[in-house]
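Laboratory data are not the source of any read-out in this text; all were calculated from the coordinates shown. None of the values given here were measured: they were computed from a predicted structure. Glycine gets a Cβ as well: all are built from the backbone with ideal geometry, and neighbour counts include every protein chain shown.
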Amino acid sequence: MEFKMLGPLDVTGSGKKITIGAAKQQAILAVLLLRPAQVVTIDHLMAELWGEESPATAKTSLQTYVYRLRRALAPLEVCLETCGAGYRLTVPDEAVDLRVFESSVAEVSSALAQGRFPAAAGRLRDALSMWRGPLLAGVETESVRLERQRLDEVRLNAQELCLEAELGLGLHCQALPDLRRLVDAHPFRESLWAKLMTALAASGRRAEALAAYRRVHGILTAELGIEPDGDLRRLHERILCGSRM
């Protein structure tokens, strides 16, 4: 079985797509998956589905949606149980792409610290390839929106770690397109500029590396009123002096 959350919600079992019909059924499944093996109260689910203005029929409607969700998930033999005034969904971690992704990123951090760049780069590329779009695209509840914000940062950190591993392998030219795209998307993130400057200098493009520093310096001073941090300034000095990257 597979529960894919890194993009539109997608559920499959034995190679067949499991249809989760109504939008509110999808929202219930999303909220339960975001709280693995935890009891999510009926009140919380009603607030997620209808906000503060829940209709008088909200509880009955919720129970109907959960009943239909149980029927849809029945072929997968996952446990969606009623626990007092709430529900709990238990799904193996390895069946949920979000959990596999976060586990991979956590393990790779250790591999990078030990200088195991090939293993780290391969594992991170595999993890990043799981993304098919925004987290739970099309599902709009408060907890999904908050988790989407958190995962955007986790994903960006994973992209940085992957690029760090590739630079460690000497793949400077190959890393440049992703680095250019990321500094354009996150112009205040100095660690990305440092990697771009390093990749350019190591590729024999010293003038472009120095131009990148002038660009980030201009952005930071104009937009935030601050100078680049010490690490970026020292990197700039090394490139100016022609030090080996």
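Relative to the longest principal axis of the Cα atoms of the chain, helix 206-219 runs at roughly 60 degrees. Between the C-alpha center of region 133-151 and that of region 86-128 there is a gap of 19 Å. The helix-only estimate of mean residue ellipticity at 222 nm for the chain, built from DSSP H runs of length n ≥ 4 each weighted as -39500 (n - 2.57), is -19000 deg cm²/dmol after division by the residue total.
Each other residue within a Cβ distance under 15 Å of Tyr213 adds +1 if Lys or Arg and -1 if Asp or Glu, for a net charge of +4.
Each part gets one Cα centre, and for region 165-239 versus region 26-75 those centres are 46 Å apart. Neighbours of Arg234, meaning other residues whose beta-carbon lies under 14 angstrom from its beta-carbon, give a summed charge of -3 when Lys and Arg score +1 and Asp and Glu score -1.
Pairing the Cα long axis of helix 190-202 with the longest principal axis of the chain, what angle in degrees results, from 0 to 90 and rounded to the nearest 10? So the helix axis and the longest Cα principal axis differ by about 50 degrees.
Computed FRET efficiency, Cβ-Cβ of Val39 and Leu224, R0 51 Å: what is it to the nearest 0.05? Step by step, r from the Cβ atoms, then E = 0.70.
Note on the chain: dipole from Cβ charges, positive end direction compared against Ala30, Gly115, Ala202; the farthest Cα belongs to Ala202. For trypsin sites (Lys or Arg not before Pro), the sites in region 119-149 that DSSP calls loop and that have at most 15 other Cβ atoms within 10 Å are Arg132.
Beyond 13 Å, how much of the Cα-Cα pair distribution for region 1-63 remains, as a whole percent? Intermediate results must be reported in sequence, preceding the final value.
Numbers: 1297 of 1953 pairs.
For region 1-63, the share of Cα pairs beyond 13 Å comes to 66 percent.
Treating r as the C-beta distance of Glu142 and Ser110 and R0 as 35 Å, the FRET efficiency rounds to 0.55.
Lysine pairs in the chain with alpha-carbon atoms under 28 Å apart, 8 or more places apart or on different chains: how many are there? Eligible lysine pairs with Cα atoms under 28 Å apart amount to 6. Taking the longest Cα principal axis of the chain as reference, the axis of helix 58-73 is set at about 80 degrees.
If I take all pairs of Cα atoms in the chain, what percentage of them are more than 24 Å from each other? Taking all Cα-Cα pairs of the chain, the fraction more than 24 Å apart is 57 percent. Each principal axis of the Cα atoms in region 1-146 has its own extent, and those three values, largest first, are 59, 34, 27 angstrom.
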